[in-house]
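**Student:** Here it is: the structure, laid out below.
The values are calculated or read from the model by the stated rules, or taken from the named source; none is laboratory data. Note that the structure is predicted; figures quoted are calculated from it, not measured. FYI the Cβ positions are ideal-geometry reconstructions off the backbone, even for glycines, and counts take in every protein chain you see. These accessible areas exclude ligands, DNA and RNA; they are computed on the full protein's heavy atoms, side chains included. Shrake-Rupley method; radii C 1.70, N 1.55, O 1.52, S 1.80 Å.
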Amino acid sequence: MSLSIGIVGLPNVGKSTLFNALTKKGVPAENYPFCTIDPSVGIVAVPDERLWKLSTFSKSAKTIPAAIEFVDIAGLVAGASKGEGLGNKFLANIRETDAIFEMVRIFPLKAEKGNDVMHVYGDIDPLRDIKVINLELILSDLETVSKRIANISRDVKRGDKEAIAENVVLEKILQALEAEQMANTVVLDEKEAIRAKQFNLLTIKPILYGLNKRGGSKNLDESNPELFKELTDYIVSTGARYVVLDAKIEDELKDFEGEEKDMFRKEMGGEHDGINDLISEGYKLLGLDTYFTTGEDETRAWTIKKGSTAPIAGTAIHTDFKDKFIRAEVVFWKDLLDAGSYGEARAKGKVRTEGKEYIVKDGDVIEFKI
């Protein structure tokens with residue numbers, strides 16, 4: 001399945017710095033037919049040591065990780081939905097994305113090692129910044145929903161059942177947006193949720209917040225722990241997730257790999273690989289799993305929705321797999337490696353034959369029979 005995340009944020013919060021780090025971590029687009037070729041899009045490999053171990057095990061000629069598209073838009077400002085700044089021109093670019101990554105600055109105006117970076121509002125208040133950005137997303141959605149209601153009003157008046165059902169959902173969402181609430185706060189039943197997804201609203205998407213700190217500076221989590229807790233409590237209360245990262249360190253380390261990268265990260269005051277954390281949290285936010293196919297020609301990671309049956313999981317490889325599915329040969333990745341060969345894994349009963357009802361697990365290695 002294709003997977004894309006739109007990046008939004010105010011100016012000077014580190015959004016472009018992170019995007020530069022992401023694009024350096026990029027992978028060739030030709031391996032991912034769903035990906036677009038655009039300077040504002042970075043195609044990033046999902047880090048997964050299981051993939052590389054399986055590739056070594058199979059002596060694969062090619063190794064292809066799962067990938068995420070990150071779509072960058074210009075920094076938003078208050079009034080973007082009304083044409084202020086550049087951001088509004090690009091909001092359409094992230095309507096088709098699966099989730100939104102909202103970059104929020106928690107590093108100070110004055111850095112202890114120089115390189116001061118001003119804030120568009122003159123001070124550091126991440127809760128305010130989140131509300132500014134989210135309001136612009138709400139106002140943009142409000143315009144979309146209002147136009148759609150107007151467009152179907154004639155069909156509603158003449159009693160068209162499909163239009164009436166759609167209008168019910170739109171009116172529910174409109175009420176929330178007018179109250180400056182995100183569309184994802186609206187309680188919808190299963191059929192209504194399917195209809196709502198078709199509108200491609202910005203505020204109905206899951207949101208992952210990136211709290212951008214700066215190594216060598218007294219960041220908000222240290223300078224104002226109470227405000228930082230208020231910030232994280234607010235994020236969690238909305239059903240979103242967050243990751244703390246240092247975009248500047250990620251950008252400066254983008255040309256390094258392995259132990260050397262870890263060593264420099266520690267020297268620069270970094271604790272975790274922020275990009276890897278971002279991708280991991282994105283998977284959790286969207287409820288995604290990974291399964292693998294492996295052989296001499298290729299070892300590849302495939303992204304699926306958690307809880308997918310084997311035929312549905314197979315559509316990640318090709319849409320025909322759903323209808324032509326016969327059975328699947330399944331073995332857990334670690335069981336396969338521990339056995340040392342497929343033959344030994346079979347002898348130990350670790351390779352199973354599964355049918356159409358099998359729910360694919362994260363880390364399964366699968367050979368589909370069609």
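**Student:** Please give the FRET efficiency for D277 paired with I326, using the beta carbon to beta carbon distance and R0 = 35 Å, rounded to the nearest 0.05.
**Tutor:** 0.30
**Student:** Give a quick list of trypsin sites (Lys or Arg not before Pro) in the stretch 157-234 that DSSP marks as loop, anything other than H, G, I, E or B, with at most 14 other Cβ atoms within 10 Å.
**Tutor:** Hits after loop and neighbour filter: R158.
**Student:** Moving on. Rounded to whole Å and sorted largest first, list the principal axis extents of the Cα atoms in the stretch 175-245.
**Tutor:** Reported extents, whole Å, longest axis first: 50, 20, 19.
**Student:** For the stretch 152-250, what's the relative contact order in percent, using C-alpha pairs closer than 8 Å and at least 6 residues apart?
**Tutor:** 23 percent
**Student:** Return the distance in nm (one decimal) between the two label points of a simple spin-label model at S146 and V187, each offset 7 Å from Cα along Cα→Cβ.
**Tutor:** 2.8 nm
**Student:** Per residue, how large is the accessible surface of the stretch 172-217? Use a 1.4 angstrom probe and give square angstrom.
**Tutor:** I get 50 Å² per residue for the stretch 172-217.
**Student:** Using only Cα atoms, figure out Rg for the stretch 127-265 and give it as a multiple of 2.2 N^0.38 Å.
**Tutor:** In units of the globular-protein estimate, the stretch 127-265 measures up at 1.45.
**Student:** Hey, another quick one. In Å, the Kirkwood hydrodynamic radius of the stretch 133-182 over pairs of distinct alpha carbons?
**Tutor:** After inverting the mean inverse Cα-Cα distance, the result is 11.2 Å.
**Student:** Using a probe radius of 1.4 Å on heavy atoms only, what accessible surface per residue do you get for the stretch 276-349? Whole Å² is fine.
**Tutor:** 46 Å²
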